[in-house]
């Protein structure tokens, strides 16, 4: 889609979008209840809008009154209903950040202090220069448009494509090469194993009935299957939650100490 | 006109696109480069002085016969030929950046323009005004774009150097722009 066109065609009957943008006209636009209208024929981006604000306000580009310009930028994109367009929002956020940086107290003698507006000024100048080039290109293009070249374009006569020379033995050799490289696929059988948390809880309780403290290996022998490890872990967490035992690890990667909670010693 | 100039005229008349110098040379293998150049000069002179409706122009590294600007309106009114479409502002801005900074990647163009340029790049590519000229080093190895001979043709440029140099513009190029705003610059108001 050409971004120069209006997104909401229903509005074209009411508003002349080629007319110069005047504040009064834009207020009319904001009164019309529409979900999302983009009018881009006047500004080709946030930098363009910013430059026009700077021109309108007649301020020095090297010494932009950032608070005033930021406020007007926000007001303008709101009136133009551009406050949902990402490019404009990004610039608004950038202006507010510069405004905040300008408010920070600074040491006058600090040589390292860089004007937070410097990057913005650089971009504005670069953009302005590009607009100048656009004017040059526009003039050149217009001059060329005013002269016709010969319109006759000879048809390219494409030579017929040569028939394919293929033999069955070549095809079989290709298949052979592919099959030689291809490995046997590794197929895993996935067996669903339900966790046995209740069983593990019983095991933990049995261990703690004999001893006041235990360690991980006591409730989960080294030969355990993954599902048993998981069951034991969940059982420990569950019992800790219920307050039947306490878990402690004295150092990172040290083994976990499982101790009976004193209140449940009745078990 | 000498026979070589007449031969060149016939070839240029037959072609819809500008003919590069080396292709013109292949029309007559016996002609020296100097003879070719003087024949082109003679042809251009003839068109300019003998009162012709067409002129010979050098564009995009080649030569082309074009109608004179004063007859455009009449030709268009009679619907004998249609003027090419004008480029949109977004396309021109993107093209300007590419012309001056090529080879250049999309991210850098977007940084200068302050808006996304994906669809604009696509339409410029489709029109043949720009082309992918390589890939940048770095993350993702982004595509780099540059202008094509059709770009020169579109703006009737002989070569890119015909565009005003950066330091000839009112605003200086990035390299010569002070990165720090001048602290002594007095506010105008």
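For the residues of B:67-76, the average number of beta carbons from a partner chain within 10 Å of their own beta carbon is 3.
Kirkwood radius, segment A:205-259, all distinct C-alpha pairs, inverse of mean reciprocal distance: 11.6 Å. Gyration tensor analysis over the Cα atoms of segment A:123-211 returns equivalent ellipsoid semi-axes of 73, 44, 11 Å (largest first, whole Å). Over chain B, the pair-distance histogram of Cα-Cα distances with 10 Å bins from zero comes to 7, 25, 27, 22, 13, 5, 1, 0 percent, rounded to whole numbers. Each Cα pair under 8 Å and six or more residues apart adds its sequence gap; the mean of these over the residue count of chain B is a relative contact order of 17 percent.
Over chain B, dividing the summed -39,500 (n - 2.57) contributions of all DSSP H runs of at least 4 residues by the number of residues returns a 222 nm mean residue ellipticity of -11500 deg cm²/dmol.
Based on the convex hull around the alpha carbon atoms, segment B:89-168 presents an average projected area of 5.7 nm².
Helix B:33-49 axis versus longest C-alpha principal axis of chain B: approximately 90°, rounded to the nearest ten.
Mind jotting down a quarter of the surface of the convex hull over the alpha carbons of segment B:3-77, in square nanometres, one decimal? Show your work: numbers first, answer last.
Values: hull surface 20.9 nm².
The Cα convex hull of segment B:3-77, projected and averaged over all directions, gives 5.2 nm².
Specify the angular offset, from 0 to 90 degrees and rounded to the nearest 10, of the alpha carbon long axis of helix B:3-14 from the longest principal axis of the alpha carbons in chain B. That helix lies at roughly 60 degrees to the long axis.
Any read-out appearing in this document is the output of simple, stated calculations on the displayed coordinates, not a laboratory observation. Since the structure is predicted, the reported quantities are computational estimates derived from the model, not experimental observations. Glycine gets a Cβ as well: all are built from the backbone with ideal geometry, and neighbour counts include every protein chain shown.
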